[in-house]
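Below is one structure, written out as structure tokens; comments come after it.
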Amino acid sequence: MTTPATTALRGALITLAKADATLATLMGGAVKIWEHVPENAVHPYLELRASGTRAWDTTGDRGKEHEVSVNCWSHEEGSKQCEAILGRLEEIWRDQRPTIADHRVVNLELQFADIIREEGGQTYHGFQRWRAVTEEV
């Protein structure tokens, strides 16, 4: 059975992030990135979500266009920690093409990023939206 491209892509992105020592240092010693954040998660941490998938077929190839969102949550004063974490994540994903079974990642690009201060002022919330295109091999 073939792993769906969306599932494989999410797994590969998480694997790349967790393997990066610089990102681990920025996050206090370990990369905390989940698709489902545990209740007792310690800041800072990342949450990865697949926001949507569309068919991206051509005459000769079958593929998918994926929208992936990443949220960064920090209790550090100011937005610097979220900026550093998301900046490093962008470097990792931009410079290291994820490898996924049964598919090839044709394109992975950052579409949008922002950081806001949550209501109450104790938490900073960084956000990135990525677009990926995969094709079956």
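Once you compute Rg and the Kirkwood Rh from C-alpha atoms, what is the Rg to Rh ratio for region 63-137?
We get a ratio of 1.09 for region 63-137.
Counting only C-alpha contacts under 8 Å and six or more residues apart, can you give the relative contact order of the chain as a whole percent?
Worked out over the chain, it gives 26 percent.
Share of the chain's accessible area from carbon and sulfur, percent, 1.4 Å?
After summing per-atom areas, the C and S share lands at 45 percent.
Could you give me D for region 1-50, from Stokes-Einstein at 20 °C and 1.002 mPa s, where the hydrodynamic radius is the Kirkwood radius over C-alpha pairs? Units µm² s⁻¹, please.
182
Can you tell me the order of 64-71, 81-88, 37-44 when each peptide is scored by its average per-residue count of other Cβ atoms within 10 angstrom, highest first?
81-88, 64-71, 37-44
Choose one of ALA113, ALA84, THR22: the residue whose Cα lies farthest towards the positive end of the charge dipole of the chain (beta-carbon charges +1 Lys, Arg; -1 Asp, Glu; about the Cα centre).
Among ALA113, ALA84, THR22, the one farthest towards the positive end of the dipole of the chain is THR22.
Run the numbers for TRP34 and GLU83: contour at 0.36 nm per residue of separation, minus the present Cα-Cα distance, in nm.
Length gained, TRP34 through GLU83: 15.8 nm.
Pulled fully out, how much extra length does the chain show between ARG49 and ASP61, if you take 0.36 nm times their separation in residues and subtract their Cα-Cα distance?
1.7 nm
List the aspartates and glutamates whose Cα lies under 15 Å from the Cα of LYS64, skipping any in the same chain that are fewer than 8 positions away.
ASP102, GLU109, GLU135, GLU136
Under a point-charge model restricted to the Cβ atoms of Lys and Arg (+1) and Asp and Glu (-1), what is the dipole moment magnitude of the chain relative to its Cα centre, in debye to the nearest 20?
200
The values are calculated or read from the model by the stated rules, or taken from the named source; none is laboratory data. Every value quoted in this text rests on a predicted model; they were computed, and no experiment measured them. When we count neighbours, we look across all protein chains shown, and the Cβ atoms used for this are built from the backbone with ideal geometry, even at glycine. We work out accessible area using only protein heavy atoms, side chains counted, and drop any ligands, DNA or RNA first. Shrake-Rupley method; radii C 1.70, N 1.55, O 1.52, S 1.80 Å.
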